[in-house]
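A.B. asks: Pasting a structure below so you can have a look.
The values are calculated or read from the model by the stated rules, or taken from the named source; none is laboratory data. All values derive from a computational prediction rather than experimental measurement. Positions of Cβ are generated from backbone atoms using ideal geometry, with glycine treated the same way; all protein chains shown enter the neighbour counts. Accessible surface areas use protein heavy atoms only, side chains included; no ligands, DNA or RNA. Shrake-Rupley method; radii C 1.70, N 1.55, O 1.52, S 1.80 Å.
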Amino acid sequence: MKKLFSIFTILVLFFIIISVSSVTSAATLNNVSAEVSKSKIAPGQEVNLTVSFGKDLGAYTVNATYDDAIFEYVRSEGGTANDTGDKVILTYHDTTGGTNPRTNAVITFKAKTGLTASNPTNFSITLTGMANSDASETYDDITTPIIKDVLVEPNYINYTLSLEYTGTIKKNEAKDMKLITASTMGKNYDHVRLIAEITAKPKEDATAKLLATDKSGAEIDLLQSGWGEADGYAIGGKDVRQELLLRGEFNTDGKYTVHIKLINRENSDSVIAEKSFDITVGEKVAEKPTTPTKPSTEEKLPTTYPQTGMTQYIYILLAVLALVVAYFVLTNHKAAKRYKD
C-alpha cells in the first residue's frame, strides 16, 4: 500500500511539474526588428525609431537607449513612455482583453540644435515582458541589444578663400595682405594646410613671395612651403573665420596669378577649397625733387602812398584859412546887424 502511495505521489508531482513547466515556459520571437526613418539627419530634425514584433502582442516593454548629448525624446506611439534622460521605457498592456494588440511601437527623437560637428551615434533596443494578445503565451526577453546607427551632421557650408589688401602694389615694395578662410558652418577637419603657387607671371624670371610669420617668429613663404605644421591644423564649426597675415613681395611689374588651396592631410591632400587671385603690380614711381620757390624780384608799385610831412602842413594851413574866413564872415554879419539897428 505504501508502495502504491509513493508511486501515486510521484505521478502527481510529475504532472504538476509538467503543468507548471507548460505554463511558465516561453517561446522565442525571431522576427523582432528595428528601423530608423532616416540614417542621417541635421540638428533640429526628428527621427522615428520603429520596433516591429513580427506578430501581434498584447503586452511588452521596449527599452530604447540613446545619447542625450545628441538627442532628446519627443513622443511615442504604442504605450506609456518614461524618459529617464538617456533611455525611453515604453510599456504596453492591452486592457481590452485581447482586442487591441499591436505589431509595433514608435518612438520619436529630435537631434539637438547647436551641434556643429558630425555625430555618429546609435539607438540600442531591448524588449521584456512580451505576451500574445490574450496573454496565453509569453516570449523570451530580448536582452541582446538591437543597434540602429544614425549620423547627426549639420548642413555644412563650403569654405571660401579671399585675399585682401588696400591700395596698389609696387614692385620691390612689401605689401601687407590678409588671407581669409571662412564659412558660416564649416565641416570639421583636424589636419588641413594652406598651399599656394604662381600659375602666371609677367616675365619668365619674375619672382614673388607671400611671407607669413609663425609662432616662433620665423618667416614662412606660402609659395614655397605652404602654411601649417606637416600634419596640419584644425578648422571647422559655426562662423569660421581664420585670418593669415601676409607680406607680398614682387620683383617685376605686371600681372601675377596666385592659386591658393586648402587641403585635407587626412585624405591624401584632397582639396577642400581653392581660388585663383590676379595681382597687378605697378612700377615704383621715383619721387621728384622739390624745387625751392624763388622770391620775386619784380618791384611792385604801392597801391597807397604814405603821407609826407609837406602834405600834413598843407592840411593845417587850409584849416587855419577856413577858421579865418569863418571869423570874418561872422564879424561882418554882426556889424551889419548893428547898422540896421
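A.B. asks: Just name the residue that is modelled with the lowest pLDDT out of those in the range 225-242 that are on the phi < 0 side of the Ramachandran plot and surrounded by 12 or more Cβ atoms within 10 Å (Cβ to Cβ). Break it down into steps so the answer makes sense when it comes.
C.D. replies: Of the range 225-242, the ones on the phi < 0 side of the Ramachandran plot are 225, 227, 229-231, 233-235, 238, 240-242.
Filter again for surrounded by 12 or more Cβ atoms within 10 Å (Cβ to Cβ), leaving 225, 227, 233, 235, 238, 240, 242.
On the way: Ser225: 96, Trp227: 97, Tyr233: 97, Ile235: 97, Lys238: 93, Val240: 97, Gln242: 97.
Per the stated criteria, the residue is Lys238.
A.B. asks: Six or more apart or on different chains, Cβ atoms under 7 Å: show the pairs whose first residue is in the range 217-240 and over 26 Å from Thr184 (Cβ atoms) and whose second is at pLDDT below 95 and loosely packed, with under 15 Cβ neighbours inside 10 Å.
C.D. replies: Ile220/Asp214
A.B. asks: Looking at the range 66-86 only, could you name the residues that are in contact (Cβ under 8 Å) with a residue 12 or more places away in the chain and open to solvent by 50 Å² or more (accessible area, probe 1.4 Å)? Let's see the steps before the verdict.
C.D. replies: To start, the set of residues in the range 66-86 that are in contact (Cβ under 8 Å) with a residue 12 or more places away in the chain comprises 66-81, 85-86.
Within the range 66-86, Asp67, Asp68, Ala69, Glu72, Tyr73, Val74, Arg75, Glu77, Thr80, Asp86 meet the criteria.
A.B. asks: Which one of these is of a type in the set (S, T, N, Q) and within 21 Å of Ser52 (Cβ to Cβ): Ser136, Ser124? I'd like the intermediate steps shown before the answer.
C.D. replies: On the way: Ser136 fails: within 21 Å of Ser52 (Cβ to Cβ).
Selected residue: Ser124, the only one of Ser136, Ser124 that is of a type in the set (S, T, N, Q) and within 21 Å of Ser52 (Cβ to Cβ).
A.B. asks: Now for a different question. Go through the range 258-287 and count every residue that is farther than 17 Å from Asn172 by Cα, of a type in the set (Ser, Thr, Tyr) and in contact (Cβ under 8 Å) with a residue 24 or more places away in the chain.
C.D. replies: So the first thing to find is which residues in the range 258-287 are farther than 17 Å from Asn172 by Cα, and the list is 258-278.
Still in the running and of a type in the set (Ser, Thr, Tyr): 268, 270, 276.
If we keep only those that are in contact (Cβ under 8 Å) with a residue 24 or more places away in the chain as well, we get 276.
Total meeting the criteria: 1.
A.B. asks: Could you figure out which of (1) open to solvent by 40 Å² or more (accessible area, probe 1.4 Å); (2) in a loop (DSSP other than H, G, I, E, B); (3) touching a residue at least 60 places away in the same chain (Cβ under 8 Å) isn't true of Tyr156?
C.D. replies: Unmet for Tyr156, out of (1) open to solvent by 40 Å² or more (accessible area, probe 1.4 Å); (2) in a loop (DSSP other than H, G, I, E, B); (3) touching a residue at least 60 places away in the same chain (Cβ under 8 Å): (3).
A.B. asks: Suppose we keep only residues that are open to solvent by 60 Å² or more (accessible area, probe 1.4 Å) and more than 46 Å from the chain's Cα centre (by Cα) within the range 87-98. Which one would you say is farthest from Pro154 (Cα to Cα)? So that I can check it myself, show each step before the final result.
C.D. replies: Initially, the range 87-98 is screened for residues open to solvent by 60 Å² or more (accessible area, probe 1.4 Å), giving 87, 93, 95-97.
From the residues that got through so far, the ones that are more than 46 Å from the chain's Cα centre (by Cα) too are 93, 95-97.
Values: His93: 39, Thr95: 44, Thr96: 45, Gly97: 47 Å.
Looking at the filtered set, the residue picked out is Gly97.
A.B. asks: Across the range 99-113, what is the number of residues that are outside any strand (DSSP E or B) and either buried (at least 18 other Cβ atoms within 10 Å of the Cβ) or touching a Phe, Trp or Tyr at 6+ places or on another chain (Cβ under 6 Å) (or both)?
C.D. replies: From the range 99-113, those outside any strand (DSSP E or B) are 99-101, 112-113; that's our starting set.
Now drop any that are not either buried (at least 18 other Cβ atoms within 10 Å of the Cβ) or touching a Phe, Trp or Tyr at 6+ places or on another chain (Cβ under 6 Å) (or both), which leaves 101.
Summing the residues that are outside any strand (DSSP E or B) and either buried (at least 18 other Cβ atoms within 10 Å of the Cβ) or touching a Phe, Trp or Tyr at 6+ places or on another chain (Cβ under 6 Å) (or both) in the range 99-113 gives 1.
A.B. asks: Please verify whether Ile147 is assigned to a strand (DSSP E or B) and either closer than 30 Å to Pro43 by Cα or in contact with a Phe, Trp or Tyr (Cβ under 8 Å, 6 or more places away or on another chain) (or both), treating the condition exactly as stated. Before the answer, list the steps.
C.D. replies: On the way: assigned to a strand (DSSP E or B): yes; either closer than 30 Å to Pro43 by Cα or in contact with a Phe, Trp or Tyr (Cβ under 8 Å, 6 or more places away or on another chain) (or both): yes.
Criteria met by Ile147.
A.B. asks: If I go through the range 136-174 residue by residue, how many of them are among the β-branched types (Val, Ile, Thr), under 27 Å from Lys87 (Cα atoms) and within 24 Å of the chain's Cα centre (by Cα)? Working first, answer last.
C.D. replies: Filtering the range 136-174 down to residues among the β-branched types (Val, Ile, Thr) leaves 138, 142-144, 146-147, 150, 152, 157, 160, 166, 168-169.
Those left that are additionally under 27 Å from Lys87 (Cα atoms): 138, 142-144, 146-147, 150, 152.
From what is left, the residues that are within 24 Å of the chain's Cα centre (by Cα) are 150, 152.
Of the residues in that region, 2 qualify.
A.B. asks: Quick check on the range 197-210. Is at least one of its residues at pLDDT 95 or above, open to solvent by 30 Å² or more (accessible area, probe 1.4 Å), among the hydroxyl-bearing types (Ser, Thr, Tyr) and in a strand (DSSP E or B)?
C.D. replies: Yes, some residue in the range 197-210 is at pLDDT 95 or above, open to solvent by 30 Å² or more (accessible area, probe 1.4 Å), among the hydroxyl-bearing types (Ser, Thr, Tyr) and in a strand (DSSP E or B).
A.B. asks: Report whether or not Leu127 is open to solvent by less than 30 Å² (accessible area, probe 1.4 Å) and either within 19 Å of Ala27 (Cβ to Cβ) or part of a strand (DSSP E or B) (or both).
C.D. replies: Numbers: open to solvent by less than 30 Å² (accessible area, probe 1.4 Å): yes; either within 19 Å of Ala27 (Cβ to Cβ) or part of a strand (DSSP E or B) (or both): yes.
Here the answer is yes, as Leu127 does meet what is asked.
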